[in-house]
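The values are calculated or read from the model by the stated rules, or taken from the named source; none is laboratory data. Here the structure is a predicted model, which is why all the values come from computation and not from measurement. Virtual Cβ from ideal backbone geometry, glycine too; neighbours counted across all protein chains shown. The accessibility values were calculated without ligands, DNA or RNA, using every heavy atom of the protein model including side chains. Shrake-Rupley method; radii C 1.70, N 1.55, O 1.52, S 1.80 Å.
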Amino acid sequence: MMLSRTRLLAALALVLLVVACGSDDETWIGPGGAGGTGGTAGSGGTAGAGGSGGIPEIPLLDTVSQYGITWTFSEPVPVGQFVNGDYYVVGSTTITAIDPAPTSGRNGSVVNLPAIQDKTGFDDRTAANRYDASLRAELPIALTPGNSLASSISVATPGQNECMLRTEDSSDSPVKTVAVLTCLDAAVPADTFRPSYADQQNRLYHAGALRRDLLLSLAAVPSTPELAEFERYFERPWIDNLFFQFDAPVDNMPCYGREIARAVSNATLLLMVDLPIEQRETLLIRVVQYGIDLWGLVRAGYPGWQAHGGHGNGRKWPIVFAGILLDDPDMQAIATSYPEVRFSEDMQTIYDTGWTGASVVYGGHVGPDGESVNPGWGPYEHLQPSQWLGDAIGEGYRRCCTSLGWVGESLSARMLGAESLWNHDPFFAYTDRWMTEDDSAHVQQILTDTGHDYTASWARQGQAWDDFVEEMWATYRGDY
């Protein structure tokens, strides 16, 4: 049987190592960088270029594990780690077993997650008929360079797991966690980010190229959270292709777009606080990795995260942020490079004269074309409350589930001077309105005209969901 060139080189490297070092077995795991937790590796030798040119030696392994998922290979294969801690294999390989074992409709794996919004292959209990068994990879699973494998662990019972950043709510997702294994054609430097799970071209970015000098060093406000809290939130892959988060892995990511926006807001503002840059490194790596994953979905043809209440929130800023820090012109200017891609923050903020006298308004439950979807689902703030259609769903979601999460995104974007890259001025004008307009008389008129009561403190303008974001706004918005 003929060996591939990659396998042959790996085998030769192993032979040379044994000759140089003797016959004792040696196992060496490449550096996990800022995210090198949650993984273990099986036994084997070493392969690679001995660190030459920044390429680390990597081991030949027959198994590798991460986040409770173990992949077993048909024969030892070179295994490395990206800077965020996720694993890759070099050269074509076959996975013969996965633990926990895939069973009927549970613990599913998908090769090359599709850039579509409405199908998943992880668990057949996924809501709204979104499960598609044809997406599910069956053992043995052959991987070739350019492939990525997303493997999952299912929850015992959907609806009994807390949502990240909103623990009083439970997630209906049947997926507990997901780990991603990538197949490359060669070992890569230890500072390499994992390519997006949707990117079969394996476009590689490097932490060494990050523009850390662009991050501010602002004095912390009293409610500044611990870095470790948000490091954990962004530690694992956020699998973000199925809209409505029906299969969002509950141990990996939030279960609603508002909380995604909140996580992104808090994390990117934390990266602007005056902490030693090396202390910010882990969070920086993980947030940028999320941006790379979303960018890969867009490049693979994903239509975006459109307006639908709060579900589509929080995805644009990670892409722009990562593009700025990686100095990637297309990524940072996604509104120009991919103008057809939809983002809820842009669809739900438009310039118009509102009934309150504002010059920028909320664009409705599903954006400007909402009236064609359902009466009352489009723009409505240009009308007096007595003229609002339907059940005033737009105003309810404006106050509960969108505006509160946008404040930190807009502030951190301003801090990096990213307004022109964002390329939708109404978003920034709207968040200013949300934080400064006194709505005391407005909520009374809404109550009188519609019967909908937004007088409670949680529903009022002038606040962010998180104290940290609100304090950062009060302290620094005047400077940026």
Item to complete: Report whether or not E381 is among the charged types (D, E, K, R), part of a helix (DSSP H, G or I) and crowded, with 22+ Cβ neighbours inside 10 Å.
Response: no
Worksheet item: Considering V155, V221, V180, V175, which residue is among the hydrophobic types (A, V, I, L, M, F, W, C), buried (at least 18 other Cβ atoms within 10 Å of the Cβ) and farther than 26 Å from N129 by Cα?
Response: V221
Practice prompt. Determine, yes or no, whether I277 is over 12 Å from the mean Cα position of the chain (by Cα) and either under 20 Å from D169 (Cα atoms) or of a type in the set (A, V, I, L, M) (or both).
Written response: yes
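A quick yes/no check of all residues on (1) under 27 Å from I141 (Cβ atoms); (2) open to solvent by 10 Å² or more (accessible area, probe 1.4 Å):
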residue	(1), (2)
M164	no, yes
N202	yes, yes
L216	no, yes
P225	no, yes
W238	yes, no
L242	yes, no
Worksheet, complete the sentence: The condition from (1) closer than 30 Å to T268 by Cα; (2) open to solvent by 50 Å² or more (accessible area, probe 1.4 Å) that Q445 misses is numbered (1)
Practice prompt. Among residues belonging to region 111-133 that are surrounded by fewer than 24 Cβ atoms within 10 Å (Cβ to Cβ) and among the hydrophobic types (A, V, I, L, M, F, W, C), point out the one that is nearest to L181 (Cα to Cα).
Written response: V111
Worksheet item: For region 430-460, which residues satisfy the criterion of being polar (S, T, N, Q) and over 23 Å from G390 (Cα atoms)?
Response: T431, T436, S440, S457
Discussion item. So in region 324-355, with the set limited to residues that are crowded, with 18+ Cβ neighbours inside 10 Å and polar (S, T, N, Q), which one is nearest to Q117 (Cα to Cα)?
Written reply: S344
Response to the item:
Within region 210-234, restricting to residues that are acidic (D, E) and either touching a Ser or Thr at 6+ places or on another chain (Cβ under 7 Å) or in a helix (DSSP H, G or I) (or both), the one that is nearest to V287 (Cα to Cα) is E231
Worksheet item: So E231 clears everything in (1) more than 22 Å from A418 (Cβ to Cβ); (2) open to solvent by less than 30 Å² (accessible area, probe 1.4 Å) except one condition, right? Which one?
Response: (2)
